[in-house]
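Q: The structure follows.
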Amino acid sequence: MKPPPFDHHAPRDLGAALAALAEAGARGKVLAGGQSLIPMLNMRLAAPEHLIDINGVAELDTLEAGPAGVTVGALARHSRVERSAEAAEAQPLLGQALRLVAHPAIRNRGTVVGSLVHADPAAELPAVLALLGGSVRLARAGAAPRDVPAAEFFTGPMESAVRPGELAVSAFFPAPPPRSGTAFREVARRHGDYALAGVAALVALDDDLRVAQARVACVGVGPVPLVLDVTEESAGDDWAAAARAVRERAEPEDDIHATAGYRRHLAGVLAEQALREAALEGRANA
Amino acid sequence: MPERTHDITLTVNGVVRHATVPARRLLSDCLRHDLGLTGTHVGCEHGVCGCCTVLLDGEPVRSCLTFAVTVSGHEITTVEGLAGPGGRMSPVQRAFAECHGLQCGFCTPGFLCTVTALLRENPAPTDAEVVEGLSGNLCRCTGYQNIVKSVHRAAELIAEES
């Protein structure tokens, strides 16, 4: 349970970090909070030759919240975003989801952007980004940064659109539409474990407080967060019909932790709960 | 070729310490093997059990999921650093002893560090907040009843003594 040897690079600014990543190419990995990477190293599931440790790159330790949404820099820890009143006001779903991410000691170290890049199919934050239609900004030496929308960012289990030599410098979580609410529900064997299934929901209402838009992002039921528009089924607050649609469209697989059937069942139950809760919050906000 | 090493400086329990370590040295191993502070225990080495929890600049973190080289220049508090002046046990330590919050003691250093930070942030936690605060630390002997009791007792002691 000890990591394999690697060359450690400790850049002090973004330019140096990108230069080190460019040189390392496919043999390099970025180390931010390390709460997913270091277990993988300890268990020898990964053995990068070069680690580019961005913990000294202060310019990446940013958190900006405004009317458009929340932009989280690559070095902003979960705990900082979780505790930010400004971030909670600009996009409440972030805080709702972060409380479900692992344990406080992990959240003190782990980063939001790191969790997105890790792209675990059972993780909460990829679902949040996918549900909200956010994006991740990728930088590389000698080129303009590119913004990758969530729908293209998660490409498979533990796979993202980040190419060798690229650094995810920030993630953007758009603000919710007016008269809307959000919620995150999940079932895990123990609090803080990766969820067997989880559902993030967004419900937006029209001027008469009827459902104008209802969307869910499900985790643990596919290789990437499954985003489903259930606006039609949710008409008249028919959350049971929306849950049926989620159950029909989810394609979970069996594994050691749960059967596909149980995961499908959970996705439906959690979708119904999360949609109802999001609608309640939306009406309270209206 | 011998593995490249790095000279690092950590302030551990208020004392400036130097070590020369390979980049892959986990903070937990650095504390135990390089600095001789074996109070920090190592259980699972992948971040699940919480035994190796220490305070990094005052915040609880897993020392088995942190490279020593990454935190060079920072302040670390281990279980050895929790006692007060003259070696008097801290309120959290005394509460654990009083309430039988430990049995074999293996997980205790991690609990003590976690609870020290928890009560600093929230001096009068509810039962639910205590359970949430302890959720990242596993105990395989006592069950958690007496540990939860210890946290409430420590909160009382801290309030009495402040």
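The values are calculated or read from the model by the stated rules, or taken from the named source; none is laboratory data. Predicted, not measured: the structure shown is a model, and the values here were computed from it. Positions of Cβ are generated from backbone atoms using ideal geometry, with glycine treated the same way; all protein chains shown enter the neighbour counts.
Q: What number of residues in segment A:102-118 are at pLDDT below 95 and part of a loop (DSSP other than H, G, I, E, B)?
A: Of the residues in that region, 2 qualify.
Q: Of all residues in segment A:1-20, which are surrounded by 18 or more Cβ atoms within 10 Å (Cβ to Cβ) and within 7 Å of chain B (Cβ to nearest Cβ)?
A: A:3, A:6, A:8
Q: When both residues are 6+ apart or on different chains and their Cβ atoms are under 6 Å apart, which pairs have a first residue that lies in segment B:86-112 and is loosely packed, with under 14 Cβ neighbours inside 10 Å, and a second that is in a loop (DSSP other than H, G, I, E, B)?
A: Matching pairs, first to second residue: B:104/B:141.
Q: Given (1) in contact with a Gly (Cβ under 8 Å, 6 or more places away or on another chain); (2) within 14 Å of chain A (Cβ to nearest Cβ); (3) part of a helix (DSSP H, G or I), identify the lone condition not met by residue B:125.
A: The single condition residue B:125 does not satisfy is (3).
Q: Restricting attention to segment B:42-77, report how many residues are crowded, with 24+ Cβ neighbours inside 10 Å, under 13 Å from the mean Cα position of the chain (by Cα) and in a loop (DSSP other than H, G, I, E, B).
A: 3
Q: Taking segment B:26-47 as the search range and keeping residues that are under 23 Å from residue A:56 (Cα atoms) and modelled with pLDDT of 95 or more, which one is farthest from the other protein chains (Cβ to nearest Cβ)?
A: B:31
Every residue, every condition in (1) out of contact with any Gly (no Cβ under 7 Å at 6 or more places or on another chain); (2) within 14 Å of chain A (Cβ to nearest Cβ), yes or no:
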site	(1), (2)
B:49	no, yes
B:61	yes, yes
B:66	no, yes
B:71	yes, yes
B:82	yes, no
B:85	yes, no
B:92	yes, no
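Q: Still on this structure, I have one more. Do any strands (runs of 3 or more DSSP E) entirely within segment A:159-209 hold 1 or more residues that are within 30 Å of residue A:16 (Cα to Cα) and of a type in the set (Gly, Ala, Ser), and if so, which?
A: So the answer is A:167-174.
Q: Continuing with this model, one more query. Residues A:109, A:99: which one is in contact with a Lys or Arg (Cβ under 7 Å, 6 or more places away or on another chain) and within 14 Å of another protein chain (Cβ to nearest Cβ)?
A: It is A:109.
Q: Is it true that residue A:279 is part of a helix (DSSP H, G or I), over 30 Å from residue A:118 (Cα atoms) and touching a residue at least 60 places away in the same chain (Cβ under 8 Å)?
A: Yes; evaluated as a whole, the condition is true for this residue.
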